[in-house]
Amino acid sequence: MKLTVGPNQFFWKADDWSAFYDDLAQAPVDHVSLGEVVCSKRLPFFQDRIPDAISALQAAGKTVALTSLALVTLKRERKMTAELAEMGVEVEVNDLTALAHLPDGMAFSVGPLVNVYNESTLRWLAGRGATRICLPPELPLESIATLAVAAREAGADVEVWGFGRVPLAISGRCYHARLHARPKDNCQFACEDDPDGLPVLTRDGQPFLAMNGVQTLSDSHACMALQAGALAQAGVTSLRLSPQTGDFGRVCTLFRGLLDGRLAGADVVAALHADNEEMRLSDGFVRGARGADWSGAVPA
């Protein structure tokens, strides 16, 4: 099974963004998707650094894709989306409007924000040119297995969200701007203060969600360390890790050891908890339970 890294969902300072991809070039991953997926206003801060990041990753032997925005609403965002096809690298589609800008016959990948819930959708995307499809993280194992069969028949790879806060929704409104009593067009980039998202608690103080500008995320970090064997048996060909602050290279190394059989799932979980005792893990979606549930034990 391959190991991939999805686009950074958060807003980081440009130097931190560049340092992350410099380090990632040395990490034991096979494929990296990068670019801006959440808010187009963030892109100018690191846009000029993308070519260097692509070059460093490719020189290290990784395949690379540029992500489209998850929600395209403005004329300049349509222009940005159209320009992705001119960059000379694979495009990861996270909003189907991006397909209108891809030349016929151009291969592309599909991100987890596209609702690929059934075989017909998967076959249509594969017929349109999709070679890699990262399934939505809310699918249970039974559905993943069914879609993996359809993908294999269509000649496409199937990827599953392996680690990171789960992307749940994208809104036309900016939660960070609203929190600071600012209009969306003058948000002053408040989301930069929360480089891993801002935790949202219930009224009685229980962890609930995380907000990231216009995006809603899970509070827990989905973690497939205890489900990797079942996913491989179901036909999944890649696990996706989502960028976060801290020693992300260690996260990559742990999951590489898991997929190579050098570490057990429980070892990975123990290491993740040792690095961050406050981080809650979850794998409920894959198990067919509540998404926030955590199995805590290798399934039979």
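Structure values in brief
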item: Kirkwood-Stokes translational diffusion coefficient of the range 82-141, alpha-carbon pairs, 4 °C, 1.567 mPa s, µm²/s; result: 109
item: Share, in percent, of DSSP beta bridges within the range 130-250 that are antiparallel, nearest 5; result: 65
item: The range 139-192: mean projected area of Cα convex hull, nm²; result: 6.0
item: Size of the range 237-300 as Cα extents on the principal axes (Å, biggest first); result: 30, 27, 20
item: Rounded to the nearest 20 debye, dipole of the range 8-94 from Cβ charges on Lys, Arg, Asp, Glu; result: 440
item: Charge dipole (debye, nearest 20) of the range 77-122; +1 at Cβ of Lys and Arg, -1 at Cβ of Asp and Glu; result: 100
item: At R0 = 35 Å, FRET efficiency that the Cβ-Cβ distance of Asn276 and Thr202 yields, to 0.05; result: 0.95
item: Of all DSSP beta bridges in the chain, antiparallel share, percent nearest 5; result: 35
item: Most to least packed among 26-35, 210-219, 103-112 [average Cβ atoms within 10 Å]; result: 210-219, 26-35, 103-112
item: Calculated FRET value between Asp104 and Arg152, using beta carbons and R₀ = 25 Å, to 0.05; result: 0.55
item: Average projected area [Cα convex hull, the range 12-67], square nanometres; result: 3.5
item: Given charges at beta-carbon only (K, R positive; D, E negative), |dipole| of the range 115-170 in Debye; result: 180
item: Compactness index (Cα Rg / 2.2 N^0.38 Å), the range 175-217; result: 1.16
item: Charge dipole of the chain about the Cα centre (unit charges at C-beta), most positive-ward option of Leu113, Gly291, Leu198; result: Leu113
item: Calculated Rg and Dmax of the range 1-97 using C-alpha coordinates, Å; result: 12.9, 39
item: At 0.890 mPa s and 25 °C, Stokes D of the range 120-165 from Kirkwood alpha-carbon radius, µm² per second; result: 228
item: Rg and Dmax of the chain, Cα atoms only, in Å; result: 18.2, 53
item: Principal axis dimensions, the range 117-218 - Cα atoms, whole angstrom, descending; result: 51, 32, 20
item: Tensor-based shape of the range 220-262 (alpha-carbon gyration tensor, a/c under 1.5 rounded, otherwise prolate or oblate); result: prolate
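Every number in this text was worked out from the coordinates using simple rules, so none of it is lab data. As the structure is a computational prediction, the values presented were derived from the model and not from experiment. Positions of Cβ are backbone-derived with ideal geometry, glycine not excepted, and every protein chain shown enters the neighbour counts.
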